[in-house]
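Peer 1: One structure is given below, represented as structure tokens, and several questions about it will come after.
The values are calculated or read from the model by the stated rules, or taken from the named source; none is laboratory data. Remember, it's a predicted structure, so these values are computed and weren't measured experimentally. Backbone-built Cβ (ideal geometry, glycine too); neighbour counts: all protein chains shown. Side chains are part of the model used for accessible areas, which takes the heavy atoms of the whole protein and leaves out ligands, DNA and RNA. Shrake-Rupley method; radii C 1.70, N 1.55, O 1.52, S 1.80 Å.
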Amino acid sequence: MIYQEPMASLNPAMKIGQQLMEVPLIHDNVSKGEAWRRALEMVEAVRLPDPERMMRSYPHQLSGGQQQRIVIAMALLSKPALLLLDEPTTALDVTVEAGIVELVKGLGKKYGTSMIFVSHNLGLILETCDRVTVMYSGEAVETGRVEDVFDRMRHPYTQGLFRSIPLPGADKNERPLIAIPGQLPLPHERPKGCNFGPRCQHFKEGLCDAGEVPMLPIEGHERHHSRCLRFDEIDWNALPEGALADKQPIEPGKPMLRIENLKKYYHVAANSIFGGGDTKTVKANEQISFEARESETVAIVGESGCGKSTLAKVLLGLETATDGEVVLANEPIQSTAVEDRDTGTVAGIQMVFQNPFDTLNPSHSVGSQIVRTLEKFNVGKTLADRRQRMLELLDLVKLPRAFAERMPRQLSGGQKQRIGVARAFAGNAKVVVADEPVSALDVSVQAAVTELLMDIQRKNKTTMLFISHDLSVVRYLADRVVVMYLGHIVEQGTTDQIFAPPYHPYTEALLSAIPIADTSVRKKHIVLEGDIPSAMNPPSGCPFQTRCRYKDQVPGGKCEREVPPLKDLGDGHFSLCWLDDDVLKSMEPVISFDAPRKTGKPARRQGKAKAASQKPKAKGEIRPIAGGRKPVRASAAGLSAVPGSSSPKRVQAEAGGGRQAASTRVKPATAKIGKDAKPARMRKPKQPDDLKLISGVGPKLEARLNDLGVYTFAQIAAWKKAERDWVDDHLSFKGHIERDDWVKQAKALARGGVEEYMRVFGKKPR
Amino acid sequence: MASPRFSYCDEPAEPYYGGILQGDFGCSTKFKVPVAEKLFPALGATGILMFWVMVVMVPVALLIGVLAGMREGTRTDRTLSVASIATTATPEYVSGVIFAVIFASWLGWLNGSAATATRQGISFYNFTLPVMTMAIYGIGYIARMTRASMVEVMTQQYIRTARLKGLGFRAVVIKHALRNALIAPFTVIMLQFPWLLTGVVIVEVMFRYQGFGFTLVEAASNNDIDLLLGCSLVSVFVVLSTQLISDVGYAYLNPRIRVQ
Amino acid sequence: MQVETLGTFGIIFGVLARFWPVWIALAVILFFSLRFRERIGLYGQLFETGVGVAGVLICFFWLFTALFAATVAPFDPLAQFPIMKNVLPGAIEPESGQAFLFGGDRLARDVFSRMVYGSQIVLIIAPAATLFALMVGTTLGLPAGYYGGRIDSFLSFLANLVLAFPVILLFYLLVTPGIRETPIPQWMAGVFFIFPIVFFVTLFWTRYRSRPQLLAIQLAVTLLVGGWAYLGLVFDADPLGIISISSNQLNIFVAVVFASSPGVFRIVRGLVMDIKTRDYVAAAQTRGETPWYIMLWEVLPNARGPLIVDVCLRIGYTTILLGTLGYFGLGLAPESPDWGTGIKESSRLLRAYVHPALPPVFALMSFVLGLNLLADALREQSLKD
């Protein structure tokens, strides 16, 4: 089992090596030397740099990503047949997460381990899993192949989930997110019949609340089951009423907030015991410049340690800037701490906080907290005035007025966050900084809060700075995007400019790392090596140079020596990079659509499904995966989630908000790795391409490739990751980076022969 | 030429406290000897007492704490917890009286006075009561700390990880939990010293053991300024050095601190 | 001269009967507590565990004993009956016909009555001193934890200094006649007693500054009541003559507050450092609240759980300290009926007479135990939330 928090899973007082060695020592009774050897092997297998040193270090000396790799190694050392991963990457940054996901997938294949992957992130599931079981309130509500569940879902809850997350292509003005109404029932308050009934728009009295709903098979889909009685009657493409609000896009007004060359340095004493001495400077923000206009949403994107929170603190006056300018509606505020700001300025820039459980003071009632804010902002003259205004604010955030008397602990996360929003807008703020306001909420609630924020912003013409690491949300709601890395703005521009090439190399990696829950999306896979450097000890030159894959395309090693200039790409699109225009131009989009999303999905077989629904079934039983036909590849994905039969932990997890689980396929290491992964063969053409032009392919390899039916550049260029891996295995030739490179070279060669190759790579092919 | 202040010791007429820096503590008016001559043997006697107290107190307390914290909420845990709360509610002058009544007055097994220990050397008969009295108060406190720390450690995920590796419960407790659980009580034990010093004073007075605490009380009640000053200096010195030891030991036990 | 004695059962029934007002009060409290258990929050939850019930009952028992001491105790704690010197438990005093239920002591006083009256001294001084220590520790701990930096280093250094100094030495220094004659104790009292007034003034000022009428009333009441108590306690110059404290008692009061406020300081400081990282504190900062408002109204209410637990433990600890003072005969008058003095008196004669030693010993032990059980139950209940 692999848990969310890698740090907590490792014993802080024991060295990594010892902890790993324990496993073979117990399970196989081997000698210490043998155990050490096996542990070392496994550390290498999870692709950790310098395994010998890793084995001798303590857990706290490793970064989060490395710790998670160690935990995975520990789990694999006992050669399990089934691996349970409970949100293994939620605590990690997106680019690190991509690396772990890649690793887990690879290891699953290599060792033939089945995996159960518990996650709330639909995109991640699409990337890792073969089959998925959607759980709601202690029950599995839908289970099936990922493609079936994602594209042809047959349960209203699953559909609700998909409608409440922003997918690429969704636009805030045309198709807003649709939240699932209501709240998850507490385990002891579950309704009779369908648990999802009270929140379901297709709910039919007398049918859905009549009795226990069994898992019903769906005709025509392979092993696809749904716990819904009406799935064959529902029109799965119809949107609920009012979902298609065609809102007018807002024209951004005059500049409201201008930030010019903002710098924020912290001085940290290197030796805290004796004080003084040499101090280290942490450059939290470096040369930040951007502008936000009235009723515009500017997203600030970046991973942990990139300085986005520091930026927010400076804006709000919790910190003062070291250098540079912050101008809020023509008033410079960069060096005025919040205590010295006048009420108008304080009320003019407010914040919505990340953690809903922390945002309200648990000791004061909701109403009194809002009234206090109003008092502080000089809104209203008397207490009665303020109470009235407070009730209006509750209306604004769509909460019942009775909530004024409640204590925060009586509210759910989403409701608390609404109060947080009400508080931020209490003094008619001109600028609202939203620091990941929804990331800690359940998926179905996220949509509601996001929509609320945007509605109020639209109404009040507020400028919103939306801080996030989630690019899919950003794409959905932002007008302009600022990408930050280690205190620098590496790229900024309108949303369209950021999400289309040319990219900054970091943005490119970030985009590719975001899991997207849409089967029609094709992504380029770029996995960054290593972790984010510490802000205490940033790399020289370009902040991103340690992980950049384009570094070798900048001549003279400039990346390591100098911070690149902010390159103007036109129309307010800036990128902090040394790369030439040529290279930038040759970038391909990271996210592309395979085919236009199918609008109509017929497959409605009424009569047959009716018969199926009458088939009696044991209460709450998930129909076991039909064994027999494909015993080798089928995995035991049956997640028993019948209330009572499952472990408390599990029930808890679902009560926490509809989790999804899926398993990857069981695959013995020796089995043929799926025919689909094998590169397409062809007959030998009359004029086969000279594969030797690809650096890395010699005459010997050319012959072997020819044996496999590979003759042209076009074939190699079409290789996807699966094929590359297959070739990797087949040629018994290690290191997949090179094969990556082959494909790139082959693409160039296929497109324009030697000339194109020279243009892209700047050198002649061999 | 002024005559010496006291006939029994060689000292300038004017009180000169700077001598302390050179190891000269002045003279005791009560015992009519130089302070150093009285103070250091007394310290030695107290050292012996403390040694035995530690030998009894620490293992017993840790054992109780670990046993109680190992499986939270069981009958053993609740019994041991209430027992340790009861001992923390029993200061030395209370438990001293109770033990003296039971073991010395009623049963007659042990000697209610440790005065003989100074002259004739310590024995089970004359030394058990003081040691037991002092240990009992500390046991409750340390055991509770150990239990809390143990309970916390046992709910950590790495304990779950260790269980999932297939380690037995005993092995998990001994190899994974103990070391992490002992970090917090260690500091507590060391920080107990200022309090133990109070205990020493009470116990030594109660059982008439001629140690440091006994000397201190004698000095204070007879206005023996030099001796009192010497005692204060020594005790502050002892306390500060144990705090230093506790910091160093903490760093040794906790690898996370060591690196920084 | 021979005195009549009661048998064992006679003694037990006698004791139980003497406590009759206490039993009635306990029954009433218990009845209402169980009846309205659901509605009284944390206190009600205490009744869910055996430990909690035991703690509450023991604490209330001593509280009511202190309240009804005059009714419970058959004799004056200081009265001497020469005939009853060192009599065994159950001896009947011939003049009044009342029994010396727990016997008589070396000076021929009734041990039972002394124990009952001793509870008064303990239950007044220990909680009051703890509350003052709480005020001092909180008022200093809040800024130390909130601002950090120099203020924190300085105050923490002071606190550690006091903590590292052995308590017993501290007491000897504070209570020795040499120091008692100087005005030092009075100065210290002056400093300590000003803290509650400052605390409440700041508390109201920060919150209700924008509502002048309400603020004026609150400040007037605080200053009036605080000033009155201050005059009475520090200068013994209460114009109404209600509040007065003997210089001896003031001394031990000051000593106890001095010894236990650093502990409160450390706890408050730690709690503040934890709580100040919460988002609601940041939210208060971003709406321009003053630091003291945030400390007193945003941070402190959320630290109340651990603080209540600590107060319970600390009252017990203070009781032990008072006992120590009594045991060494520091501060309290030698004839005072408090438990510590009682233990000192009787432990000297332990070889000859055992019975005068046991009642104060068990009284002190049970009271501290009750407080500890209460604290334990409170901690458990507050962790459940």
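Peer 1: I'd like the accessible area for A:His202, computed on protein heavy atoms only with a 1.4 Å probe and all protein chains in place. Round to 10 Å², please.
Peer 2: 40 Å²
Peer 1: Turning to a different aspect of this structure: Within region A:413-451, what residues put their amide N at less than 20 Å from the label point 7 Å along the Cα-to-Cβ vector of A:Ala402?
Peer 2: A:413-419
Peer 1: Further question on the same structure: Show me the ranking of peptides C:134-142, C:71-79, A:283-291 by mean Cβ neighbours inside 10 Å, starting with the highest.
Peer 2: Listed from highest to lowest mean packing, they are C:134-142, A:283-291, C:71-79.
Peer 1: Protein chains only, probe 1.4 Å: how do A:Tyr265, C:Tyr147, C:Tyr353 rank by accessible area, largest first?
Peer 2: Solvent-accessible surface, decreasing: C:Tyr147, C:Tyr353, A:Tyr265.
Peer 1: Still on this structure, please answer the following. Once you order the gyration tensor axes a ≥ b ≥ c over the Cα atoms, which shape class does region C:210-326 get: rounded for a/c under 1.5, otherwise prolate or oblate by comparing a/b with b/c?
Peer 2: Oblate is the answer for region C:210-326, as a/c is 1.5 or above yet b/c matches or exceeds a/b.
Peer 1: Rank these by accessible area, largest first, 1.4 Å probe: A:Val445, B:Val97.
Peer 2: Reading off the accessible areas and sorting them downward yields A:Val445, B:Val97.
Peer 1: Any chance you could check the Cα centroid distance between region A:199-233 and region B:165-185 for me, in angstrom?
Peer 2: Going from one Cα centre to the other spans 49 Å.
Peer 1: Now for a different question. Could you work out what % of the accessible surface of chain C is carbon and sulfur, using a 1.4 angstrom probe and leaving DNA, RNA and ligands out of the count?
Peer 2: Here it works out to 68 percent.
Peer 1: Moving on to the next point. Return the average number of partner chain Cβ atoms within 10 angstrom of each residue Cβ along peptide A:311-319.
Peer 2: Per residue, the number of nearby Cβ atoms from other chains is 2 on average.
Peer 1: Here is a follow-up. Let me check I've understood the local charge: for A:Thr494, count other residues with C-beta under 13 angstrom from its C-beta, Lys and Arg +1, Asp and Glu -1. What total comes out?
Peer 2: -3
Peer 1: Chains B and C: how much accessible area gets covered up at their contact, both sides added, probe 1.4 Å, in Å² to the nearest hundred?
Peer 2: Separately minus together, B and C give about 3000 Å² buried.
Peer 1: Hey, another quick one. Separation of region C:43-63 and region A:374-428 by C-alpha centroid, Å?
Peer 2: Centre-to-centre distance over Cα atoms comes out at 39 Å.
Peer 1: Would you mind giving the total buried accessible surface between chains C and A, with a 1.4 Å probe and ligands, DNA and RNA left out, rounded to the nearest 100 Å²?
Peer 2: It comes to approximately 2000 Å² buried between C and A.
Peer 1: Let me ask something else. If we sort C:162-172, A:481-491, C:230-240, B:127-137 on the protection proxy, mean other Cβ atoms within 10 Å, highest first, what's the order?
Peer 2: Ranking, from highest mean packing down: A:481-491, B:127-137, C:162-172, C:230-240.
Peer 1: Now for a separate question. Take peptide C:350-357, look around each residue's Cβ out to 10 angstrom, count Cβ atoms belonging to other protein chains, and average those counts.
Peer 2: Average per residue, whole number: 4.
Peer 1: Here is a further query. What are the residues of region B:88-111 that lose 20 Å² or more of accessible area, with a 1.4 Å probe, going from their chain alone to all protein chains?
Peer 2: Residues of region B:88-111 that lose at least 20 Å² of accessible area once the other chains are added: B:Ala89, B:Pro91, B:Tyr93, B:Val94, B:Val97, B:Ile98, B:Val101, B:Ser105, B:Trp106.
Peer 1: Would you mind working out the accessible area per residue for region B:31-259, using a 1.4 Å probe, and quoting it in Å²?
Peer 2: For region B:31-259, the per-residue accessible area is 42 Å².
Peer 1: Further question on the same structure: Which distance in nm do the two modelled labels at A:Ser439 and C:Ala79 give, with both placed 7 Å along the Cα-to-Cβ direction?
Peer 2: About 7.7 nm separates the two model spin labels.
Peer 1: Relative to the present Cα-Cα distance, how much length would full extension add between A:Asn537 and A:Ala337 at 0.36 nm per residue of separation?
Peer 2: Going from the current span to full extension adds 69.2 nm.
Peer 1: Fully extended, how many nm does the chain gain between A:Leu383 and A:Ala703 (0.36 nm per residue separation, minus their Cα-Cα distance)?
Peer 2: Length gained, A:Leu383 through A:Ala703: 106.5 nm.
Peer 1: Longer than 19 Å from Cα to Cα, which of A:Lys398/C:Lys276; A:Lys551/A:Lys585; A:Lys524/A:Lys567 are they? Say none if no pair is.
Peer 2: A:Lys398/C:Lys276; A:Lys524/A:Lys567
Peer 1: Follow-up question, since we're still on this one. Please give the charge dipole size of region B:31-259, origin at the Cα centre, charges +1 on K and R Cβ atoms and -1 on D and E Cβ atoms. Round to the nearest 20 debye.
Peer 2: The dipole magnitude comes to about 1240 debye.
Peer 1: Once you sort the root eigenvalues of the Cα gyration tensor of region A:56-116 as a ≥ b ≥ c, which label holds: rounded (a/c under 1.5), prolate (a/b larger than b/c) or oblate (the other case)?
Peer 2: The shape class here is oblate.
Peer 1: Counting only protein heavy atoms, what percent of the accessible surface of region B:31-259 is carbon or sulfur at a 1.4 Å probe?
Peer 2: It is 68 percent, rounded to a whole number.
Peer 1: Next up: Using label points projected 7 Å from each Cα along Cα→Cβ, tell me how many nm separate A:Asp151 and C:Ser153, to one decimal.
Peer 2: Placing both labels 7 Å beyond Cα along the Cβ direction yields 6.6 nm.
Peer 1: Taking 50 Å² as the minimum loss, tell me which residues in region C:156-170 lose that much accessible area going from the chain by itself to the full protein complex (1.4 Å probe).
Peer 2: Residues shielded by partner chains are C:Ala164, C:Pro166, C:Ile168, C:Leu169.
Peer 1: With an 8 Å Cα cut-off and a minimum separation of 6 or more residues, compute the relative contact order for region A:308-409 in percent.
Peer 2: Dividing the mean separation by the residue count of region A:308-409 yields 22 percent.
Peer 1: While we're on this one: So if R0 is 60 Å, what FRET efficiency would C:Glu380 and A:Thr519 give, r being the distance between their Cβ atoms, rounded to the nearest 0.05?
Peer 2: The computed FRET efficiency comes out at 0.75.
Peer 1: Throw me the Rg/Rh for region B:31-259, computed over C-alpha atoms with Kirkwood Rh, two decimals.
Peer 2: Ratio of gyration radius to Kirkwood radius: 1.05.
Peer 1: Can you compute the label reach from C:Leu88? Point 7 Å from Cα along the Cβ direction, backbone N cut-off under 15 Å, restricted to region C:6-26.
Peer 2: C:6-12
Peer 1: Summarise the partner chain shielding of C:312-319 as one whole number: the mean count of Cβ atoms from other chains within 10 Å of each residue's Cβ.
Peer 2: For peptide C:312-319, the averaged partner shielding equals 1.
Peer 1: Quick one: which of A:Lys523/A:Lys744; A:Lys110/A:Lys744; A:Lys254/A:Lys459; A:Lys79/A:Lys105; A:Lys280/A:Lys558; A:Lys430/A:Lys459 span more than 18 angstrom between C-alpha atoms?
Peer 2: Table pairs above 18 Å Cα-Cα are A:Lys110/A:Lys744; A:Lys280/A:Lys558.
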